[in-house]
Amino acid sequence: MAQNPYFPRPGGNASKLNITAATVVKSTPGTVYNVSVTTAGSTSGNVSDVATVAGVAAGNLVFDIPNTVGNYPITFPCFAGIVVTPGTGQVLSVSYN
């Protein structure tokens, strides 16, 4: 057995920090586990089940991110990819697989 084998962890095994603009977090299927709002904004952001920023639309919205500082556990499978779009002035971090 390999040393330090990979095991999926509840809560995600990867993260993206300090997201300030629409970002492809993962361009293949995955699961979003937590969204952390580190800086509140003047509008809410969102998480979309899509593989590209250009593909973000109301039809693939997964989660509306509040514009209040805090951690928001969601545990939601995305079948196309994961794109996170912060609201105006928001800074976000996400955990995912």
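Scanning the stretch 44-91 for residues that are buried (at least 19 other Cβ atoms within 10 Å of the Cβ) and under 16 Å from Gly12 (Cα atoms) returns Val47, Cys78, Gly81, Ile82, Val83, Val84. Look at the stretch 57-78: where a residue is in contact (Cβ under 8 Å) with a residue 24 or more places away in the chain and a partner is among the aromatic types (Phe, Trp, Tyr), sitting 6+ places away or on another chain with Cβ atoms under 6 Å, you get Val62/Phe76; Ile74/Phe63; Thr75/Tyr33.
Looking only at the stretch 17-36, which residues are in a loop (DSSP other than H, G, I, E, B) and surrounded by 14 or more Cβ atoms within 10 Å (Cβ to Cβ)? Steps first, please.
Let us first name the residues in the stretch 17-36 that are in a loop (DSSP other than H, G, I, E, B), namely 20-22, 27-29.
The answer is Ala22, Pro29.
No lab work stands behind these numbers, since they all come straight from the coordinates. This one's a predicted model, so the numbers in the text were calculated from it and none came from an experiment. All Cβ positions, even for glycine, are placed from backbone atoms using ideal geometry, and neighbour counts span all protein chains on display.
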